[in-house]
Structure formats: structure tokens, C-alpha cells
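Structure first, commentary second.
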């Protein structure tokens, strides 16, 4: 059975690229443009979450750092690896503050994307 990855990314082109690459690698991918999909987390049951840090304000009431911290603080979801994806220069610090398992800096190359997913889905 393929590992399932939840991708939350508001930029359609980036989201589509991530989905395509991960599906080509054999993963099952569920994607969304906003964090509302997290209300269905029990049903989705992802093995990993790739989370954009800067979701467009009108689409989300929290940023990736806050969402990650909530997920990692909840015993029901703390086991799910969360990777924050962002172009900000301090992404390493944001990921640490959000208790995320890792980060992926935009723009990223496809090899970086695949490597970080494989690393956290051993």
C-alpha cells in the first residue's frame, strides 16, 4: 500500500508540481489549497504533511508554523511528520518554532523534494 501524503499549498502551480512528482514516485497524494482540509485529517490518515508556511490570508486563519505546532502538540497527530515549505529566509527557525520535522526551501529542485519525503517516510 502506498504511503499517503497531504499537500497543503495555495499556489496551484507549485501544488500541481508537488502532486505530480510524488505520484510519479509512487505515493498517494491528497492536496488542498488551504488548511480547512485538516478538519478531515482522521479520514485522510496521511503518513506525512507538506505544509506551505504562507497560506493566502483569505484562505486560512493560521500560517504553517502555527498549524504545525498545533498538529505536533496534539497526541492524535504528533506522530505525523510535518514538513514546512516556504521561500522565507528564516525557514529553518520557523520550522523549529512550529515543531516541524523538517523544511523545504522554495524554490526547490525535485530531487530535494523527493529526498526529504523519503527521509521522513522510512
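Remarks
- Selected residue [within 20 Å of residue 108 (Cα to Cα) and touching a residue at least 12 places away in the same chain (Cβ under 8 Å)] from 71, 38, 22: 22
- Just one of (1) in a helix (DSSP H, G or I); (2) surrounded by fewer than 16 Cβ atoms within 10 Å (Cβ to Cβ); (3) modelled with pLDDT of 95 or more fails for residue 79. It is (1).
- The numbered conditions (1) under 23 Å from residue 20 (Cβ atoms); (2) in a loop (DSSP other than H, G, I, E, B); (3) more than 13 Å from the chain's Cα centre (by Cα) are all true for residue 118 except (2).
- Test: residue 62 is more than 11 Å from the chain's Cα centre (by Cα), modelled with pLDDT under 95, within 18 Å of residue 119 (Cβ to Cβ) and assigned to a loop (DSSP other than H, G, I, E, B): no
- Residue 105 being over 17 Å from residue 5 (Cα atoms) and in contact with a helix residue (DSSP H, G or I) (Cβ under 6 Å, 6 or more places away or on another chain): yes
- The number of residues in the stretch 1-26 that are surrounded by fewer than 20 Cβ atoms within 10 Å (Cβ to Cβ) and assigned to a loop (DSSP other than H, G, I, E, B) comes to 7.
- Condition check for residue 85: assigned to a helix (DSSP H, G or I), under 10 Å from residue 50 (Cα atoms) and touching a residue at least 40 places away in the same chain (Cβ under 8 Å): no
- Some residue of the stretch 27-36 being at pLDDT below 95, in a helix (DSSP H, G or I) and buried (at least 17 other Cβ atoms within 10 Å of the Cβ): yes
- Considering the stretch 66-76, and only residues there that are surrounded by fewer than 18 Cβ atoms within 10 Å (Cβ to Cβ) and in contact with a helix residue (DSSP H, G or I) (Cβ under 9 Å, 6 or more places away or on another chain), the residue that is farthest from residue 8 (Cα to Cα) turns out to be 76.
- Pick from the stretch 97-109, criterion surrounded by 14 or more Cβ atoms within 10 Å (Cβ to Cβ) and outside any strand (DSSP E or B), ranking: farthest from the chain's Cα centre (by Cα): 97
The values are calculated or read from the model by the stated rules, or taken from the named source; none is laboratory data. Keep in mind that this is a model prediction, so the values were computed, not measured. Here Cβ is always computed from backbone atoms with ideal geometry, including for glycine, and neighbour counts include all displayed protein chains.
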